[in-house]
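Q: Before I ask anything, here is the structure I am working with.
Every number here is computed from the coordinates shown, using simple stated rules; none is lab data. It should be emphasised that the depicted structure is a prediction, and the values quoted were computed from it without experimental measurement. When we count neighbours, we look across all protein chains shown, and the Cβ atoms used for this are built from the backbone with ideal geometry, even at glycine.
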Amino acid sequence: MEILTRDGGEDTPKVILDHNNGFFEISGRSLPEDSADFYGPILEWLDKYKDSPRPETEFNFKLEYFNTASSKLILDILSKLESIDGAKVVWYYHEDDEDMQEAGQEFADLVDVSFDFKTY
Amino acid sequence: MKYIYELHKTMVARNLILVYEGEFTQEITKSVLAMAERNMDAIGEDSSIKRKVFNVMVECLQNIVKHADEIEEIDLTDHNAAIFMVGKQEDKYVITSGNPITNDKVKMLQDKLAHINSLDKEGLKEYYKDVIKNNKGLSAKGGAGLGFIDMARKSGQKLQFDFEPINENISFFSLKTVIRRVVTAD
């Protein structure tokens, strides 16, 4: 599978989805003007990945900030992960960022995927 | 030229650190955010307060951007400009916005904001989860219907709002969100 990457910008997160090396991460800030447009390719990539996933898929979210439109799309990503066997989420938050920790816990409540929480 | 001094005095009296009036776009949003961030960094603002202010600013600014073109379609006069302000006082940041909206939105906004203000911290959390789970996809404008709920959660205070009729088609919608600068234990 082709690697999907996006350089992080002022209003978009950095993305690396790499099947061969088993590395899946979205990091940085997410407040794009059109979040459906930005996350569309990520969701499509996951649809393809679902057909031949690695035995384990550790998906890292290392977000510094995301807006509410992005949160809806993050939930869509998590819903895709629900249907991938061996998928789990590692939710990173800055150690003094309680809001980001709580946001992760809320996502964990909404989907049937296991979450690990780590500080950075 | 007196209006310059008058405007300056108003800004000082209201502790406004940032005022933007005009057309709102994603590019303007990014610039306004960058200015506010630099301002907060310069005074060494607490990072959790800084994040909350940033958060509320984004939702507020993107709301204006998303709904600006509705006004252009219905009213081709100079009513499509909006205003955005950040005030900094000893104990709080005050984030205010004012933008024209079509009159058919007034009731819906009033009801939604009143409902949000009727909820406590736990109620807002449940409402947020309910909307994110049950709203199918984003609106045509790319909104998730979560902006005001998120602003209320980050603020921890009631949202203050007002609608001033402009003409038979549009009203001016003012919204004020307060972020306390005192770091709370919870």
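Q: Give a quick list of GluC sites (Glu not before Pro) in segment B:84-170 that DSSP marks as loop, anything other than H, G, I, E or B, with at most 12 other Cβ atoms within 10 Å.
A: Those satisfying the criteria are B:E90, B:E168.
Q: Quantify how strongly other chains surround peptide A:90-99 by giving the mean number of their Cβ atoms within 10 Å of each of its Cβ atoms.
A: Average neighbour count from other chains, rounded to a whole number: 2.
Q: Of B:K136/B:K176; B:K107/B:K141; A:K14/B:K88, which sit over 27 Å apart, Cα to Cα? Numbers along the way, then the final one.
A: On the way: B:K136/B:K176 29 Å; B:K107/B:K141 19 Å; A:K14/B:K88 32 Å.
Beyond 27 Å: B:K136/B:K176; A:K14/B:K88.
Q: Moving on. Place +1 on the Cβ of every Lys and Arg and -1 on the Cβ of every Asp and Glu in the protein assembly as shown, take the dipole about the Cα centre, and give the residue among A:S71, B:A81, B:A114 whose Cα lies farthest towards its positive end.
A: B:A114
Q: Sequence gap at least 6, Cα distance under 8 Å: using those rules, report the relative contact order of chain A to the nearest whole percent. Walk me through the numbers before you get to the answer.
A: Details: 211 pairs, mean separation 25.2, N = 120.
Once normalised by length, the contact order is 21 percent.
Q: Still on this structure, please answer the following. Taking just the alpha-carbon atoms of chain A, what radius of gyration and Dmax come out, in angstrom?
A: For chain A, the Cα-based Rg and Dmax read 13.2, 38 Å.
Q: First check a/c for the protein assembly as shown, with a ≥ b ≥ c the square roots of the eigenvalues of its C-alpha gyration tensor; if it is under 1.5, answer rounded, and if not, answer prolate when a/b is larger than b/c or oblate otherwise.
A: Prolate, since a/c reaches 1.5 and a/b exceeds b/c.
Q: Determine the dipole magnitude for chain B: charges of +1 sit on the beta-carbon of Lys and Arg, -1 on that of Asp and Glu, nothing else is charged, the reference point is the Cα centre, and the result goes in debye to the nearest 20.
A: Dipole size: approximately 780 debye.
Q: Using a simple charge model, +1 on the beta-carbon of Lys and Arg, -1 on the beta-carbon of Asp and Glu, nothing else, what dipole does the protein assembly as shown show about its Cα centre, in debye to the nearest 20?
A: Approximately 740 debye in magnitude.
Q: Related question: Neighbouring Cβ atoms within 10 Å as the yardstick, rank B:K141, B:K107 fewest first. All intermediate terms of the calculation are to be shown ahead of the outcome.
A: Numbers: B:K141 14, B:K107 10.
Ordered from fewest to most neighbouring Cβ atoms within 10 Å, B:K141, B:K107 come out as B:K107, B:K141.
Q: Going by the alpha-carbon gyration tensor, a ≥ b ≥ c the square roots of its eigenvalues, is segment B:2-180 rounded (a/c under 1.5) or, if a/c is not under 1.5, prolate (a/b greater than b/c) versus oblate?
A: oblate
Q: Something else now. For peptide A:62-70, compute the average count of partner chain beta-carbon atoms within 10 Å of each residue's beta-carbon.
A: Mean partner shielding for this stretch: 6.
Q: Just report the Cα centroid separation between segment A:93-115 and segment B:129-165, whole Å.
A: Rounded to whole Å, the Cα centres lie 20 Å apart.
Q: Another question about this same structure. So, R0 is 45 Å and r is the distance between the beta-carbons of A:F115 and B:Y5; what FRET efficiency does that work out to, to 0.05?
A: Using R0 = 45 Å, I get an efficiency of 0.20.
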